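Quick notes on the structure that follows.
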Amino acid sequence: MNWLQLLSYQRLNQKSDLAESTRSAFEQDYDRIIFSHPFRRLQDKTQVHPLPEHDFVHTRLTHSLEVSSVGRSLGRRVGEVLIQRHKELTERFSSHDFGTVVASASLAHDLGNPPFGHSGEDGLSDFFLHHEGKKYKPHFSEQEWMDLTHFEGNAQGFRILNKQQYQGLRLTLATLGAFTKYPCASLIQSRDISKKSQKKFGFFKTEQELFNEMASQLGLTKNGENVYTRHPLAFLVEAADDICYNIIDLEDGCRLGLVSVADTIELMAGILKADFNPEKANRIKSVDEKIGVLRAMAIGKLINDAVDVFLQNETEILSGSFDHALTDLGSYKNELNAIIDISITKIYRARHVVEIEAAGFEVLPGLLEEFIKAAEHLVKKNQSSKYANLARLLPDETKTVIQASPDNTYLHFREIIDFVSGMTDTHAISLYRKIKGFEI
């Protein structure tokens, strides 16, 4: 792989881009994402604490903005060195271009996540594995069934970024490549889940041709049918996410009283090491401010460390032989593992988190069941008047796609999953209550 090809500002299915003097193509990517409807919906999607009552607890929106900020710093820092190493880049790119690509991909990294966080992904999969959806298995190929029974937010994100309904999100190849942490399909013989980049998958069958085209134009190394090495900047997007959710989930847990202030300070101090000054910290009377200062310093340390790991392994990354999370090879691996351990036991398994996530296992399969039958009515017109009525609640673009391809059942199901997974937490709960007659 080479950087000139990897930094392509070409867009899929678009031969040329209108020249604009005020914004680069990568800056246009950032703006397209931040003004999009899917991004706006992240303001009411669970990060860790569902339906938070406290305004300082993170949603997917604030998390995405923070990951983007960290991603920009990582990209710029790496870009400064790479432009010195590769003189051919200086005529076309700057360190800001690296920063903007990583910031844009980071901004979009959670667009495909459904309501109720990771339990929402499991709830959507469970409909086909354990609920009414099991009966549909004979209608699908093995590949299609794997897609349906393993909802994947990363693949859903790639689908959102390339759907016709969101034409304004036609992003550059560089940003799409950096966005994709798992450049492989769900069902392939050569997929190795022991590898970091193949632990999950990055596209559904509906986007398979698009992904292959993108990978070819970027020059991503092919490791088998529908399996590629990561775009190098995807490692920085992953690092930005890892840094933010480790540190900021801990901060949220402390502010909610799930983790003690003393434990939080001790864990942050483990990263700061010699730079932690207990006396200076004690002079800050506000707990929120104290934790905020330590959080900022810890993130700075982790950014520096991730940049060092990336630059030390650039040759292996470009060759496709590097397949690790940057934070797993950094100087603070043990400290981050300590944070993960306490987060699992005290934050992610907190009673209020588990209770509302459990509701997702009821709400999302329930919505899928009803609206899949509504989609069947659109095509066959043989469902009850109930489903004729429910079909009217589907977005116009969803109905158009379904009616335009009456024999493509897999596409119908993907469209209904798009509709349900795209809802906010509040919308999903409200609509479920209404169609079940619990609320009028």
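When the residues of segment 305-330 are filtered to those that are acidic (Asp, Glu) and within 25 Å of VAL259 (Cβ to Cβ), which remaining residue is surrounded by the most Cβ atoms within 10 Å (Cβ to Cβ)?
ASP305
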Sort out for me the helices (runs of 4 or more DSSP H) sitting completely within segment 164-270 that have 3 or more residues that are at pLDDT 95 or above and small (Gly, Ala, Ser).
173-179, 232-255
Being more than 25 Å from LEU318 (Cα to Cα), acidic (Asp, Glu) and either under 20 Å from the mean Cα position of the chain (by Cα) or at pLDDT below 95 (or both) is true for just one of GLU27, GLU20, GLU91. Which residue is that?
GLU20
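Restricting to segment 273-323, give me the number of residues that are under 20 Å from LEU233 (Cα atoms), in contact with a Cys (Cβ under 9 Å, 6 or more places away or on another chain) and modelled with pLDDT under 95.
Looking only at that region, the number is 0.
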Determine if segment 274-295 includes at least one residue that is of a type in the set (Lys, Arg), farther than 21 Å from GLN198 by Cβ and touching a residue at least 60 places away in the same chain (Cβ under 8 Å).
no
Looking only at residues that are β-branched (Val, Ile, Thr), surrounded by 18 or more Cβ atoms within 10 Å (Cβ to Cβ) and modelled with pLDDT under 85 in segment 331-389, which one is nearest to ALA274 (Cα to Cα)?
ILE347
Any idea which of (1) in contact with a Ser or Thr (Cβ under 7 Å, 6 or more places away or on another chain); (2) modelled with pLDDT of 95 or more is the one LEU129 doesn't satisfy?
(2)
For segment 385-431, which residues satisfy the criterion of being more than 26 Å from the chain's Cα centre (by Cα) and of a type in the set (Phe, Trp, Tyr)?
TYR387
Tell me, yes or no, whether segment 287-297 has at least one residue that is farther than 23 Å from SER64 by Cα, among the hydrophobic types (A, V, I, L, M, F, W, C) and surrounded by fewer than 22 Cβ atoms within 10 Å (Cβ to Cβ).
yes
Can you tell which of PHE116, PHE151 is touching a Leu at 6+ places or on another chain (Cβ under 8 Å) and on the phi > 0 side of the Ramachandran plot?
PHE116
Pull up segment 169-223, narrow it to residues that are among the small types (Gly, Ala, Ser) and free of Cβ contacts under 8 Å to residues at least 12 places away in the same chain, then point me to the one that is surrounded by the most Cβ atoms within 10 Å (Cβ to Cβ).
SER216
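The values are calculated or read from the model by the stated rules, or taken from the named source; none is laboratory data. None of these values were measured; they are calculated from a predicted model. All Cβ positions, glycine included, derive from the backbone under ideal geometry; neighbour counts span all protein chains shown.
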